[in-house]
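Notes follow once the structure below has been shown.
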Amino acid sequence: MLATGCIILPGVELGQHTIVAAGAVVTKSFPEGNQIIGGNPAAVIKKLSDYLPNADYASLNRRMNY
């Protein structure tokens, strides 16, 4: 996901499920995926748990006490 106003320089590769914050300037590749990056130059802000496309989110939320 790319937020408003972010800049990704030529040749940069982003892993799956990488979120780029608004206004970020991405100057290097982040191939790992499942992370949020932002800043100038961009850096990892937070690593995310694996994406579960068919997950039962109601049951996950109950287990995590949300």
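The values are calculated or read from the model by the stated rules, or taken from the named source; none is laboratory data. Nothing here was measured: the structure is a model prediction, and the numbers come from that model. Virtual Cβ from ideal backbone geometry, glycine too; neighbours counted across all protein chains shown. Calculation scope for accessible area: heavy atoms of the full protein, side chains included, ligands and nucleic acids excluded. Shrake-Rupley method; radii C 1.70, N 1.55, O 1.52, S 1.80 Å.
Below are the figures for this structure:
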| quantity | calculated |
| --- | --- |
| Residue 42 vs. criteria touching a Gly at 6+ places or on another chain (Cβ under 7 Å) and at pLDDT 95 or above | no |
| Set 61, 34, 65: member being at pLDDT below 95, out of contact with any strand residue (DSSP E or B) (no Cβ under 7 Å at 6 or more places or on another chain) and open to solvent by less than 70 Å² (accessible area, probe 1.4 Å) | 61 |
| Residues of the range 17-43 satisfying the condition of being more than 18 Å from residue 5 (Cα to Cα) and not in a loop (DSSP other than H, G, I, E, B) | 30, 35 |
| Number of the exception - residue 10 against (1) assigned to a loop (DSSP other than H, G, I, E, B); (2) in contact with a strand residue (DSSP E or B) (Cβ under 8 Å, 6 or more places away or on another chain) | (2) |
